[in-house]
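The structure appears below as structure tokens.
The values are calculated or read from the model by the stated rules, or taken from the named source; none is laboratory data. These numbers were taken from a predicted model, which means no experiment stands behind them. Cβ: placed from backbone, ideal geometry, glycine included. Neighbour counts: every protein chain shown. For accessibility, only protein heavy atoms count, side chains too; no ligands or nucleic acids. Shrake-Rupley method; radii C 1.70, N 1.55, O 1.52, S 1.80 Å.
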Amino acid sequence: MPRPLEESPYSFTVPALVKEVPAARDRVVDRVRGLGLDLDEELIGDLRLLTGELVANSVTHTQAPCVVCVRWTGERLRIEVTDGDPTLPVLTQALSMDEHGRGLFLVAAMATEWGSHPCAAGKKTWFELAVPVSVADTTTTSSISEVAAEQALVISEDSARPALAEPVPIAGEYARAAHQAA
């Protein structure tokens, strides 16, 4: 039986480089498979695309590392990207010749649900994908130690820009309460 949302998080740090986005997508897919979710290729493609959009937005707009968290709710797969900038993302209308500005529209169109909210670290932007029952029935559980996502963000002494600690699994009581309130 799948574990509840607050019991199955996994997170890692993504350096502040756009070239790190493909590796972040791969790590998310690996973690989903580690949860025992056997998603079809279409859902894996959606997962990769939406993860890439949120991570690329984070590192591009903050020019700082971010923390990516994978959660399984028992019905939905939730990917959260936490960064140190408290400015919430806004959907904007990209013009036909614009090279940027369509990522959040893709997230809004393809995700089952998505959103962003302030957190102690700055902001958390997330999306959820519904997982078919046949896939969810095959899930297994794993035990991972938990630390709050906000604890992964630290302010370095020589910079006002947030920096991230080493990759850590996250959840903790504060993160659970903040997530459940969202």
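The table that follows gives values for the structure above.
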quantity	calculated
Flag for Ile44 being in contact (Cβ under 8 Å) with a residue 40 or more places away in the chain, outside any loop (DSSP other than H, G, I, E, B) and of a type in the set (Val, Ile, Thr)	no
Hits in the range 30-41 - residues which are crowded, with 18+ Cβ neighbours inside 10 Å and either in contact with a Pro (Cβ under 6 Å, 6 or more places away or on another chain) or part of a helix (DSSP H, G or I) (or both)	Arg31, Val32
Candidate set from the range 66-76 (those that are over 16 Å from Ser116 (Cα atoms) and in contact with a strand residue (DSSP E or B) (Cβ under 9 Å, 6 or more places away or on another chain)); member that is most open to solvent (accessible area, probe 1.4 Å)	Glu75
Selection count where residues are at pLDDT 70 or above, loosely packed, with under 13 Cβ neighbours inside 10 Å and farther than 18 Å from Arg48 by Cα, scope the range 89-114	4
Matching residues, the range 49-65, being in contact with a helix residue (DSSP H, G or I) (Cβ under 8 Å, 6 or more places away or on another chain), surrounded by 17 or more Cβ atoms within 10 Å (Cβ to Cβ) and in a helix (DSSP H, G or I)	Leu50, Thr51, Gly52, Glu53, Leu54, Val55, Ala56, Asn57, Val59
Boolean, Glu7 is open to solvent by 20 Å² or more (accessible area, probe 1.4 Å) and either modelled with pLDDT under 95 or closer than 18 Å to Phe105 by Cα (or both)	yes
All positions within the range 14-29 that are in a helix (DSSP H, G or I) and either open to solvent by 40 Å² or more (accessible area, probe 1.4 Å) or touching a Lys or Arg at 6+ places or on another chain (Cβ under 6 Å) (or both)	Val18, Lys19, Glu20, Pro22, Ala23, Arg25, Asp26, Arg27
